[in-house]
Amino acid sequence: MKGGARVVIENHRHEGIFIARGKEDALVTKNMVTGESVYGEKRISVEGEDGTKVEYRVWNPFRSKLAAAVLGGVDNIWIKPGSHVLYLGAASGTTVSHVSDIVGPTGVVYAVEFSHRSGRDLVNMAKKRTNVIPIIEDARHPTRYRMLVGMVDVIFADVAQPDQARIVALNAHHFLKNGGHFVISIKANCIDSTVPAEAVFAREVKKLQQEQFKPSEQLTLEPYERDHACVVGGYRMPKKQKKDVPS
Amino acid sequence: MSSFKKAIKRRAHQERAQPSSRERLGLLEKHKDYVLRARDYNRKKDTLRVLREKAANRNPDEFYFKMERSGFRDGVHAARVDVEDDQRYTPEELRLMKMQDINYIRMKAQVERRKVEKIQPSLQSIDETKRNKHVLFAEDVEDLRLKAAMVAEKKEGGGGGEGKEGLRRHLNKARKAAYRELMERKERAQKLRMMLQKMAMEKELLGKGDKRLVHVNKGGDGNEDDTGGQCSVYVWKQERKR
Ligand SMILES: C[S@@+](CC[C@H](N)C(=O)[O-])C[C@H]1O[C@@H](n2cnc3c(N)ncnc32)[C@H](O)[C@@H]1O
């Protein structure tokens, strides 16, 4: 091979996520659909030891809050190969495509989005990714899509609505298994633009705690987003446990 | 046979250098340097001779109409002394030319911005310390201490030094170059944007309407190659349209 490899792929601390090092210095996920980009992101092809080609897609933290959280050093996103994920507020599927890469063929992503316009892109994306199930419905009415969604391990929410906590709670009651986890992104402006962001986050955390959620960490998404926070935690966690987070 | 002779490596002859005692005279002049210098000297000498002859043979009665408009400006002969340089174009023409310059700069700024947009996403400064705020929730102090230690430990242990040494160095170099390129492009894009603003302002100043300077900005006096500060501020007089 001439000139040697131009890029090497390392494992990230979070399973299913990788780091490309070379001319790039970026989070990447293993592309489920080789040869295709979803939103114009860069693809990196790497030859493995046995000569097979593996393709990775660069995960842009400016376009995806989950990527921003991972870069920001979130302790656990609970989304890993094989996970069943309910994704609320999927928009055109930018982040969903990466989540789909992470959970891989053995996992499932239920992507809920109520805007038909964004939904169209989402559905087109899902046609190529068999582990994504697009649902064009209002996340405030989980009963409307309860036939489509099974029990899930993780709920990810990025709906940018003032009643986000309630929406997440409603969905969790229907679909999230006991001891499952949630990851939500909070945009302070969308909830209350009259008080400081910190206060909004604290209030949202309080609301979540009232709904049987047990937040374990919260981190802001600088420098990628301003006044955004990502809150992670568990749901109906079993009482009295010694040490969680085996890793 | 002779071609074989040529193929044999011959001794390389080195040029003689200026002796150190004559170093103050600069590099040692070689014959081919001398030829050039002599040719130049003679050409100038001939030119002067021709001009002197012409002056001597001048006919004081000779007249061309062009002489009416030409003369000396700052001690130098100029074809037209009756027009100042910047009056050669009408304000409309000047405005049009400015417009073309602006369009060119705008195009360049856009190219730069696109490039940044293209490389920015894959340069994520993964190993840099984070600037965000991380809060951990815990039941009690003991729990918190445990969690904090665990998180810190995990954050540390990322980004391996595995892989071959040579390859690693090679990749590091490529990455550094990429970061440098990104920074330079960002800077250039910023400069172009400033320049564009200034040029747009100049164009407006050439346009219609009464205006008044309200704030002078020292850094940006409208010089095109100065991209430091901001533009000065002008206010246009309100004008009734109908
Ligand atoms: C900030 S965007 C999500 C971006 C996406 N997570 C990503 O990173 O690519 C929020 C999306 O949530 C959708 N949304 C808002 N309220 C919703 C609701 N009640 N049910 C479903 N989707 C909703 C909006 O249409 C919008 O597309």
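The values are calculated or read from the model by the stated rules, or taken from the named source; none is laboratory data. These numbers come from a predicted model, not from an experiment. With ideal geometry, Cβ positions are generated from the backbone for all residues, glycine too; neighbour counts draw on all protein chains shown.
Listed values, structure above:
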read-out: Filter pass, residue A:60 being farther than 28 Å from residue A:150 by Cα and at the interface with chain B (Cβ under 10 Å from one of its Cβ atoms); value: yes
read-out: Single residue of the stretch A:44-60 satisfying the filter (polar (S, T, N, Q) and assigned to a loop (DSSP other than H, G, I, E, B)) that is nearest to the ligand (Cβ to nearest atom); value: A:60
read-out: Where a residue in the stretch A:46-67 is of a type in the set (Ser, Thr, Tyr) and its partner, wherever it lies, is more than 10 Å from the ligand (Cβ to nearest atom) and assigned to a loop (DSSP other than H, G, I, E, B), with Cβ under 8 Å and at least six apart; value: A:56/A:31
read-out: Number of the exception - residue B:136 against (1) more than 7 Å from chain A (Cβ to nearest Cβ); (2) more than 21 Å from residue A:11 (Cβ to Cβ); value: (1)
read-out: Long-range neighbours under 7 Å by Cβ, at least six apart or interchain, first residue away from chain B (no Cβ under 11 Å) within the stretch A:205-226, second hydrophobic (A, V, I, L, M, F, W, C); value: A:207/A:165; A:211/A:165; A:211/A:169
read-out: Residues of the stretch A:124-162 satisfying the condition of being of a type in the set (Phe, Trp, Tyr) and free of Cβ contacts under 8 Å to residues at least 40 places away in the same chain; value: A:145
read-out: Filtered residue count, the stretch A:1-39, keeping only those that are facing chain B (nearest Cβ under 9 Å), out of contact with any Lys or Arg (no Cβ under 6 Å at 6 or more places or on another chain) and small (Gly, Ala, Ser); value: 5
read-out: Residue match in the stretch B:179-189 (condition: facing another protein chain (nearest Cβ under 8 Å), surrounded by 15 or more Cβ atoms within 10 Å (Cβ to Cβ), touching a helix residue (DSSP H, G or I) at 6+ places or on another chain (Cβ under 9 Å) and at pLDDT 80 or above); value: no
read-out: Residues that are loosely packed, with under 14 Cβ neighbours inside 10 Å and more than 16 Å from residue A:234 (Cβ to Cβ), drawn from the stretch A:203-212; value: A:206
read-out: Subset of the stretch A:61-72 that is part of a loop (DSSP other than H, G, I, E, B) and near the ligand (Cβ under 10 Å from one of its atoms) - its residue that is farthest from the chain's Cα centre (by Cα); value: A:63
read-out: Filtered residues of the stretch A:189-202 (kept if surrounded by 13 or more Cβ atoms within 10 Å (Cβ to Cβ) and not in a helix (DSSP H, G or I)); value: A:192
read-out: From the options A:172, A:188, A:202, residue that is in contact with a strand residue (DSSP E or B) (Cβ under 8 Å, 6 or more places away or on another chain) and either farther than 25 Å from residue A:150 by Cα or without any contact (Cβ under 8 Å) to a residue 12 or more places away in the chain (or both); value: A:188
read-out: Strands (runs of 3 or more DSSP E) contained entirely in the stretch A:78-188, each with at least 2 residues that are within 11 Å of the ligand (Cβ to nearest atom) and buried (at least 23 other Cβ atoms within 10 Å of the Cβ); value: A:84-88, A:108-112, A:152-157, A:176-187
read-out: Condition check for residue A:201: more than 16 Å from the ligand (Cβ to nearest atom) and closer than 21 Å to residue A:67 by Cα; value: yes
read-out: Looking only at the stretch A:40-57, and only at residues there that are at the interface with chain B (Cβ under 10 Å from one of its Cβ atoms) and either surrounded by 14 or more Cβ atoms within 10 Å (Cβ to Cβ) or touching a His at 6+ places or on another chain (Cβ under 6 Å) (or both), the one that is farthest from residue A:187 (Cα to Cα); value: A:44
